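The values are calculated or read from the model by the stated rules, or taken from the named source; none is laboratory data. None of the values given here were measured: they were computed from a predicted structure. When we count neighbours, we look across all protein chains shown, and the Cβ atoms used for this are built from the backbone with ideal geometry, even at glycine.
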Amino acid sequence: MTGNLHISRNWYLHGDNTIRNQEMENEQQQFMQTIYSATEKKIFSKAIEVLDLDFGAIDYSYDKNGELIIWEVNPHPAFPQWIEEEPSKSKIIKLLTDYYHSFL
């Protein structure tokens, strides 16, 4: 399996239970710099549309033939650690908060 793979004893992969090493760090950097093809963007957008979502985070990988596999679409994703350092983080959180507040 290629892509961003985490191995953990716990289903929740954030925090102390994530295995970290240089190989994983290199893979994470490569993953964060990925530029998606038009086909990948279309598939991701269609997955969101089919589930009637306005927003979602998609867990995916590729099979041995390079075909995209969508594992799940998270309508309420937990953002990874690297977003904590991203200047637009507060804008993203405000956007989501305002969106959910509008219908709650």
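Listed values, structure above:
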{"read-out": "Check on Phe79, among the aromatic types (Phe, Trp, Tyr), surrounded by 13 or more Cβ atoms within 10 Å (Cβ to Cβ) and at pLDDT below 85", "value": "yes"}
{"read-out": "Some residue of the range 61-68 being assigned to a helix (DSSP H, G or I) and charged (D, E, K, R)", "value": "no"}
{"read-out": "Check on Tyr99, more than 17 Å from the chain's Cα centre (by Cα), surrounded by 10 or more Cβ atoms within 10 Å (Cβ to Cβ) and either at pLDDT 80 or above or not in a strand (DSSP E or B) (or both)", "value": "yes"}
